[in-house]
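Right, one structure below, let's go through it.
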Amino acid sequence: MVLSVSSLVQQAGYAASKRTTAWVSTAETNARCLIETELMKSAQAQEISNLFLLSKKVVDTNRDEVKTASGYDDLMLSYIDEQGGCKDLVRKLR
């Protein structure tokens, strides 16, 4: 999944590193889809996202930089579309 996000990251031109942007985008998109498909409650999905990013040593400042960058929402939506929508993305996570 990170490889497809990386290709989108190159188009977006974020200030954070490409690797950090890919990790944040993947973690946040997965959490969003787990919530939208009602497989997890918001707090649980976000906790998993946070723990993943902590394991990658992504600090809150870098995470916030990625999430507030211009075009971030489009990046997430493009990634979801590329995966076939939230239902297909979540199916791939299993």
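Which count do you get for residues in the stretch 49-76 that are surrounded by 13 or more Cβ atoms within 10 Å (Cβ to Cβ), among the hydrophobic types (A, V, I, L, M, F, W, C) and assigned to a helix (DSSP H, G or I)?
Looking only at that region, the number is 5.
Find all pairs meeting these conditions: Cβ atoms under 9 angstrom apart; at least six residues apart or on different chains; first residue within the stretch 37-62 and closer than 16 Å to Cys86 by Cα; second residue open to solvent by 100 Å² or more (accessible area, probe 1.4 Å) and part of a helix (DSSP H, G or I).
Correct list of pairs: Thr37/Lys87.
Report yes if some residue within the stretch 18-36 is surrounded by 13 or more Cβ atoms within 10 Å (Cβ to Cβ), at pLDDT below 95, assigned to a loop (DSSP other than H, G, I, E, B) and out of contact with any Ser or Thr (no Cβ under 6 Å at 6 or more places or on another chain); otherwise report no.
No, that holds for no residue.
Would you be able to tell me the number of residues in the stretch 37-48 that are in a helix (DSSP H, G or I), open to solvent by 60 Å² or more (accessible area, probe 1.4 Å) and either hydrophobic (A, V, I, L, M, F, W, C) or touching a Lys or Arg at 6+ places or on another chain (Cβ under 6 Å) (or both)?
Let us first name the residues in the stretch 37-48 that are in a helix (DSSP H, G or I), namely 42-48.
Applying the additional criterion that residues be open to solvent by 60 Å² or more (accessible area, probe 1.4 Å) yields 42-44, 47-48.
When the remaining residues are screened for being either hydrophobic (A, V, I, L, M, F, W, C) or touching a Lys or Arg at 6+ places or on another chain (Cβ under 6 Å) (or both), the result is 43, 48.
Looking only at that region, the number is 2.
Of all residues in the stretch 79-94, how many are open to solvent by 50 Å² or more (accessible area, probe 1.4 Å) and either at positive phi or in contact (Cβ under 8 Å) with a residue 60 or more places away in the chain (or both)?
3
The values are calculated or read from the model by the stated rules, or taken from the named source; none is laboratory data. In this text, all values refer to a predicted model and were calculated from it rather than measured experimentally. Positions of Cβ are backbone-derived with ideal geometry, glycine not excepted, and every protein chain shown enters the neighbour counts. Only protein heavy atoms, including side chains, enter the accessible area calculation; ligands, DNA and RNA are left aside. Shrake-Rupley method; radii C 1.70, N 1.55, O 1.52, S 1.80 Å.
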